[in-house]
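Peer 1: The following block contains the structure, expressed as structure tokens.
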Amino acid sequence: MSSLAEALKVHRDEIGRYLYVGYAIWDDLIARAKREEAKPPGDCPDEQLWTFLVGCGYAIAAEVGVASLTESLTGSRQAVPRNPKVWFEVLPVNTRRKEGEAHLDSALGTIAVREGTGAGIKLDDVESPWVCFCEMKWYADIAVSVAYDVHRNQLARVIESALCFQDCGRYADQVYVALVTPASFRAARLKSRLYQYKFEEYNANPASLMADLEACILAKNEQVGWSYPPDLAQRVASLSLRWATYDELFENLPHSAIAAELKDFWSQHGRYQGRP
């Protein structure tokens with residue numbers, strides 16, 4: 001079995017047909033994987049690298065792999081997008097003024113590249129559009145350091161981005177937001193992260209999510225070809241929140257030319273604190 005870094009280099013073109021890399025750098029990610037492989041077995045806390053490896057592991061299996069990842073993250077089978085891809089490190093239009101574009105760790109669905117950008121995305125113009133935005137966490141918590149609104153949290157912001165995701169005022173019919181963490185955080189009896197509380201709160205009571213979004217003091221974004229939804233409650237009705245784990249995603253990797261190397265890397269370097 002070759003090293004993971006070498007396998008990624010050899011199969012880069014194959015992976016790249018179904019993995020869209022936005023503002024991240026391929027060569028840097030492969031170099032980081034190589035550095036980790038040179039270390040003794042242990043805990044690699046590089047969240048972006050783990051997310052990239054998940055994307056590679058499913059993208060190399062082409063449409064079947066993208067569909068498998070979609071089912072794991074949304075909990076159901078979805079219509080195959082016109083351009084099926086795993087979207088990694090991409091930027092939807094910002095929903096609020098004075099706030100930069102939300103940096104998405106990963107996304108799936110009926111998505112297209114925004115004209116004139118390398119990492120910008122928009123909703124694809126198709127029938128029955130759907131989207132899944134992913135917030136990936138290893139040990140970090142959701143961010144709360146928003147310059148112009150100290151009460152705004154990262155999970156609410158990602159959810160708002162998914163609800164507002166559009167192409168010229170047309171929104172996704174189905175909206176999924178998936179939180180992805182090590183399994184020990186989902187299974188934890190005692191909560192140590194804000195996202196554990198907020199996920200539970202928003203999932204149990206959509207009115208809590210509405211209250212957080214409506215409490216944002218930043219003006220809603222309006223620009224040519226993009227408008228904030230006139231009825232946010234209607235958009236929230238289309239939302240499904242999901243919580244997946246890196247453990248599941250690596251255990252369920254589809255068969256491919258790099259699956260063995262990925263699973264070995266997960267076994268050797270995914271030994272996070274509290275791993276079952």
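Peer 1: Considering only region 28-61, state which residues are more than 18 Å from the chain's Cα centre (by Cα) and free of Cβ contacts under 8 Å to residues at least 60 places away in the same chain.
Peer 2: Within region 28-61, ASP28, ILE30, ALA31, ARG32, LYS34, ARG35, ALA38, PRO40 qualify.
Peer 1: Under 7 Å by Cβ, and 6 or more places apart or on different chains, what pairs join a residue from region 1-25 that is surrounded by 15 or more Cβ atoms within 10 Å (Cβ to Cβ) with one that is modelled with pLDDT under 95 and not β-branched (Val, Ile, Thr)?
Peer 2: Listed pairs, sorted by first residue: GLY22/GLY118.
Peer 1: Shifting gears a bit: Do you know which residues across region 1-59 are part of a strand (DSSP E or B) and under 15 Å from TYR272 (Cβ atoms)? Before you say what the answer is, go through the steps one by one.
Peer 2: Kept after step one, since they are part of a strand (DSSP E or B), are these residues of region 1-59: 19-21, 43.
Answer for region 1-59, where residues must be part of a strand (DSSP E or B) and under 15 Å from TYR272 (Cβ atoms): just ASP43.
Peer 1: Name the single residue that is farthest from the chain's Cα centre (by Cα) among those in region 248-262 being surrounded by fewer than 19 Cβ atoms within 10 Å (Cβ to Cβ) and under 18 Å from TRP138 (Cβ atoms). Working first, answer last.
Peer 2: Taking region 248-262 first, the residues surrounded by fewer than 19 Cβ atoms within 10 Å (Cβ to Cβ) are 248, 251-252, 254-255, 257, 259-260.
Filter once more, keeping what is under 18 Å from TRP138 (Cβ atoms): 248, 251.
Numbers: GLU248: 15, GLU251: 18 Å.
Within region 248-262, the match that is farthest from the chain's Cα centre (by Cα) is GLU251.
Peer 1: May I pose another question? Out of VAL180, VAL158, I need the residue that is in contact with a strand residue (DSSP E or B) (Cβ under 6 Å, 6 or more places away or on another chain), in contact (Cβ under 8 Å) with a residue 60 or more places away in the chain and of a type in the set (Val, Ile, Thr). Which one?
Peer 2: Of VAL180, VAL158, the one residue that is in contact with a strand residue (DSSP E or B) (Cβ under 6 Å, 6 or more places away or on another chain), in contact (Cβ under 8 Å) with a residue 60 or more places away in the chain and of a type in the set (Val, Ile, Thr) is VAL180.
Peer 1: For the condition closer than 28 Å to GLN273 by Cα, modelled with pLDDT of 95 or more and surrounded by fewer than 19 Cβ atoms within 10 Å (Cβ to Cβ), what is the one hit in ALA140, ALA156, ALA112? Steps first, please.
Peer 2: Numbers: ALA156 fails: surrounded by fewer than 19 Cβ atoms within 10 Å (Cβ to Cβ); ALA112 fails: closer than 28 Å to GLN273 by Cα.
Selected residue: ALA140, the only one of ALA140, ALA156, ALA112 that is closer than 28 Å to GLN273 by Cα, modelled with pLDDT of 95 or more and surrounded by fewer than 19 Cβ atoms within 10 Å (Cβ to Cβ).
Peer 1: Could you go through region 101-111 and let me know if any residue there is over 24 Å from TRP138 (Cβ atoms) and hydrophobic (A, V, I, L, M, F, W, C).
Peer 2: So far as region 101-111 goes, yes, one or more of its residues are over 24 Å from TRP138 (Cβ atoms) and hydrophobic (A, V, I, L, M, F, W, C).
Peer 1: Let me ask another. What's the total number of residues in region 72-101 that are among the hydroxyl-bearing types (Ser, Thr, Tyr) and either surrounded by fewer than 18 Cβ atoms within 10 Å (Cβ to Cβ) or touching a His at 6+ places or on another chain (Cβ under 7 Å) (or both)?
Peer 2: Qualifying residue count for the region: 1.
Peer 1: Please specify each residue of region 100-132 satisfying the condition of being within 14 Å of the chain's Cα centre (by Cα) and not in a loop (DSSP other than H, G, I, E, B).
Peer 2: LEU104, ASP105, SER106, ALA107, LEU108, GLY109, ILE111, ILE121, VAL131, CYS132
Peer 1: OK, next. If we only count helices (runs of 4 or more DSSP H) wholly inside region 195-276, which ones have 3 or more residues that are within 18 Å of CYS56 (Cβ to Cβ)?
Peer 2: 246-251, 259-269
Peer 1: Now a separate question. Just to be sure, is TRP226 in contact (Cβ under 8 Å) with a residue 40 or more places away in the chain, out of contact with any Leu (no Cβ under 9 Å at 6 or more places or on another chain) and aromatic (Phe, Trp, Tyr)?
Peer 2: yes
Peer 1: Here's another thing I want to ask about it. Does GLU127 count as buried (at least 19 other Cβ atoms within 10 Å of the Cβ) and not β-branched (Val, Ile, Thr)?
Peer 2: Values: buried (at least 19 other Cβ atoms within 10 Å of the Cβ): no; not β-branched (Val, Ile, Thr): yes.
So GLU127 fails the test.
Peer 1: State whether the residues of region 225-234 include one that is loosely packed, with under 14 Cβ neighbours inside 10 Å, touching a helix residue (DSSP H, G or I) at 6+ places or on another chain (Cβ under 9 Å) and among the aliphatic types (A, V, I, L, M).
Peer 2: Yes - at least one qualifying residue is present in region 225-234.
Peer 1: While we're looking at this one, here's another question. Look through region 133-164, keep the residues that are of a type in the set (Phe, Trp, Tyr) and part of a loop (DSSP other than H, G, I, E, B), and return whichever of them is farthest from PRO45 (Cα to Cα).
Peer 2: Only one residue tops the list, namely TYR148.
The values are calculated or read from the model by the stated rules, or taken from the named source; none is laboratory data. Everything quoted here is computed from the prediction, not taken from an experiment. Virtual Cβ from ideal backbone geometry, glycine too; neighbours counted across all protein chains shown.
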